[in-house]
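What follows is a short report on a single structure.
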Amino acid sequence: MRDILSSVRQRLRRVARATRTSGDAGHGGEDGTEANGDDPALDDGAVVTDGGTTAGSDGFVDRLNDRFGDDFTESAPFWLPPFLLVGLFVYGAIAWNFVISLTDYQGFIGPDYSDLDFEMYVRAINDSAVIDATVNTFLLVVAFTAVALGFGLLLAILIDRNIRFENTFRTIYLLPMSLSFVVTAQFWLWMYNYNNGVVNIVLGTVGIGPISWIGNSSIVLWAVVFALVWQFSGYTMVVYLAGLRAIPTEHYEAARVDGASTLKMYWRVILPQLKGSTISAAIVLMVFALKAFDFLYSLVSGYRPPNGADILATKMVREAYSTNNWAYASAIAIILFLMALSIIGPYLYYEYKQGNL
Amino acid sequence: MMKDTELNRRDVLKSAGALGAAGMAGLAGCSGMGGGGGGGGPVEVLHGWTGGDGATAAEALEEAFNEEYPDTELDMNPIGGGGNQNLDAVVANRLQNDNPPSSFANWPGPNLARYEGVLGDISDLWEETGFTDSHVQEAVDLHQYNGAFRAVPLGSHRLNCLFYNTSVVEEAGVDPDSLNSVSALVDALETVASETDKIPMTHGASGTWTTTQLFGVTLLGSAGYDEYMNFVEGNPSEDAVRSAFESLATILENYINDDAASIGLTESNQNIIEGEAAFIHQGNWAAGAYRNAEDFEYGEDWGFKTFPGTEGMYTLHFDSFLYPSNNPSPESTRTWLEFVGGEAAQVAFNQYKGSIPTRTDVDMSEFGPYLQETAEDFADADERPPNIQHGLGITADQRSSLNDVISSEFSGPYNVDAATQGFVDAVSN
């Protein structure tokens, strides 16, 4: 009751003040400080009626609180420092990177900010290497995400069938996820070896191959996708498993009672309820695919992946550090950023629509 | 009861805040310290020799420096991985942030163009120490950029080398010393292929640099010194480049190991040591692995032949230390560079690294027989053409373009036309 009263009083006071200062005068902070100096008595009065909770606040703070919620300023010490740090180091850095991409910065003599244009982007569009890298990045993201989701779902369903040694299997499937890209890349490099790699040996026993997995430019990207799927389907499995466990057994029973086959039961009853799991797993996978740089870097111990597996991330680092074309590398970084945004954006919107944000 | 011992949320937040503040203060302190280097502070040297002979050689170098200059503090920071890529990236970041090290290892020649504007002038150091007279003329020429000396050489590797496993070539009945042209080499590879079940020529192509390097020596061997220099200087003859690529395609299509794409130099070189392959082309850093291998002796188990067609030449490579301007420790850095170009450093480092001194007055008695021969070849060489993959012949930009072409057109299938066109375009003025 008191709170409402005080808030009403504040509003009234503001209206009065607004009429006092002419319409075209400054607003916001200026207004507040002026009010503060003018009639401290009024403010003191507010403090008294509020029972001391807004002690020390002035008109500007009240205004902020009104606009963003009651405890906006009170909670500021908690959220403001991280907000500023993230703002500066993440969004500030992105903005700066964008500005650099508009310059012609290369070498070690600082960028010239006086001449900004989109020349680097034009160059990127006309650079067949960038186009190839973009296509590869896109294929990698889509193929890897789709296959890892499908495979993870299959594993989750199988594990969820009350099998023996369930925990053991779960651990085994999840294990690759705990390994670093550096390790798995080396594993797969050996396994893909033409002569003595285990992949070709196994295929050889059934009369296929040998296949040059790394050396053939039309295969190598899929070989990389396969290795990444191996590493991440365990993660997808865990996400799906959590989703499956959240579905009440009644749903299974009801489907059975209605005479649904196992296939139909999963397709019609269970899968639709896993939408949330699918979306969150897909987002994580896609972001990992965009960051496949580590894997490719470790595969060849260098910034230049095998022909046919170059992605934007490796191209970007190569431009930046092999030839010091900072502006061009920044432009590629922005392209990569936009790709990531086009994945994250719809997800955030979806979450917002669902009321989760 | 629990209340007393439990940390409450405010305490946690408070201490987190305090930690954060302390961290910020620490950071500020660090950046404050960076400014006060002064002229005679410690020399911070960045290099990429982290494994095998490189690490041993760097240690020997450090030891020799501490012995000769006990009053100057030396802080050597090895940054390994990815060839020199990680080192280059660290150097690039530090130069960009205007926080250069005292000195860092890199290649001289046109490669210096990438550091345009951030390298200091040490011409007076070259004059005072007499380096201009005591080092080979090519070193004197290649360590200048924009009319001033920018770096000091430490040692030189040779690039036009063909190493072989003696027992394999004997099994095939090939006499490596008789090979004097690229076509003779191709014939010899054919003989190895038909007479033995060994790999005629082992190649590690997980990076493109080995192929670019092989192109360089093939061009030198098939078209000769003048055409090679035309290529390096930006007036390539398309015919010469094409014929080099044709020979290269013949070799790569028929005579190399099947798993070339998935292995690098180390594993490829292992094929020679284990007697799985007959020949390998590499710079003579490859010989370091032979020296470290058990029961693998020069002359008996492995041999060296100048790459066919390049007899009488020595394809140059330099390991040098560059001098950044805005140097954190100008005086000590000069001491360091004076040491690097001197006899003690060049002997200490090169005998372990498997390279040879760039000075002409060094006593080679501490070096093994193979390096002694190399040093003789170096001194007697008719021509010392600069390499293309290791900085001396072309700029970093051009090198990157060449490797792009190798990656997209010449890493199997081998497209001679496109590769020729790409190379000619990349180096043409």
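The values are calculated or read from the model by the stated rules, or taken from the named source; none is laboratory data. Nothing here was measured: the structure is a model prediction, and the numbers come from that model. Please note: Cβ atoms are built from the backbone with ideal geometry, for glycine as well, and neighbour counts cover all protein chains shown. The accessibility values were calculated without ligands, DNA or RNA, using every heavy atom of the protein model including side chains. Shrake-Rupley method; radii C 1.70, N 1.55, O 1.52, S 1.80 Å.
Points to keep in mind about this one:
- Check: chain B dipole with +1 on Lys, Arg Cβ and -1 on Asp, Glu Cβ, in debye: 2120
- For the range A:122-353, accessible area per residue (1.4 Å probe, heavy atoms of protein chains only), Å²: 48
- Size of charge dipole - the protein assembly as shown - debye, nearest 20, with Cβ of Lys, Arg +1 and Asp, Glu -1, no other charges: 5320
- The mean sequence separation of alpha-carbon pairs under 8 Å and at least six residues apart, normalised by the residue count of chain B, gives a relative contact order of 27 percent.
- Chain B - accessible surface per residue (Å², probe 1.4 Å): 40
- For chain B, a Gaussian network of Cα nodes joined below 10 Å ranks B:Leu125, B:Leu219, B:Leu392 by mean-square fluctuation, and the top entry is B:Leu125.
- DSSP-defined antiparallel bridges as percent of all bridges, chain B, nearest 5: 60
- Here the range B:139-190 is treated with +1 on each Lys and Arg Cβ and -1 on each Asp and Glu Cβ, and its dipole about the Cα centre works out to around 580 debye.
- Gyration tensor (alpha-carbon) shape descriptor, the range B:213-279, a/c threshold 1.5: prolate
- The value of relative contact order for the range B:81-194, using C-alpha pairs under 8 Å at least six residues apart, is 18 percent.
- Cα-based shape type of the protein assembly as shown, given that a ≥ b ≥ c are square roots of the gyration tensor eigenvalues and the cut on a/c is 1.5: oblate
- Listed residues B:Gly341, B:Gly288, B:Gly412, most fluctuating in chain B (Gaussian network, C-alpha, under 10 Å): B:Gly412
- The range A:122-353 - percent of accessible surface contributed by carbon and sulfur, probe 1.4 Å: 69
- Taking B:Pro330, B:Pro413, B:Pro78 as the candidate residues, the one with maximal mean-square fluctuation in a Gaussian network model of chain B, Cα springs under 10 Å, is B:Pro413.
- Chain-alone versus full-assembly comparison, the range A:102-117, residues with accessible loss of at least 20 Å² (1.4 Å probe): A:Tyr105, A:Phe108, A:Ile109
- Chain-alone versus full-assembly comparison, the range B:206-238, residues with accessible loss of at least 50 Å² (1.4 Å probe): B:Ser206
- Average partner coverage of B:259-268, which counts Cβ from other chains inside 10 Å: 6
- Share, in percent, of DSSP beta bridges within the protein assembly as shown that are antiparallel, nearest 5: 60
- At a threshold of 50 Å², the residues of the range A:284-328 that become less accessible to a 1.4 Å probe in the full protein assembly than in their chain on its own are A:Tyr303, A:Arg304, A:Asn307, A:Tyr321, A:Thr323.
- Projecting the Cα atoms of A:Gly243, B:Asn326, A:Gly107 onto the charge dipole of the protein assembly as shown, computed from C-beta unit charges around the Cα centre, puts A:Gly243 farthest toward the positive end.
- In this entry, chain B is assigned a mean projected area of 26.9 nm², taken as a quarter of its C-alpha convex hull surface.
- Projecting the Cα atoms of A:Phe138, A:Ile211, A:Tyr252 onto the charge dipole of the range A:122-353, computed from C-beta unit charges around the Cα centre, puts A:Tyr252 farthest toward the positive end.
- Rolling a 1.4 Å probe over the protein heavy atoms leaves A:Ser128 with an accessible area of roughly 80 Å².
- For chain B, the fraction of 1.4 Å probe accessible surface lying on carbon and sulfur atoms is 45 percent.
- Cα gyration tensor, the range A:122-353 - rounded (a/c under 1.5), prolate or oblate: oblate
- Furthest towards positive pole of dipole, B:Met229, B:Leu252, B:Leu119, structure part chain B, Cβ charges: B:Leu119
- Accessible surface buried once A binds B (1.4 Å probe; total of both sides; Å²): 2600
- Using alpha-carbon coordinates, inclination of helix B:9-34 to the longest axis of chain B, degrees: 60
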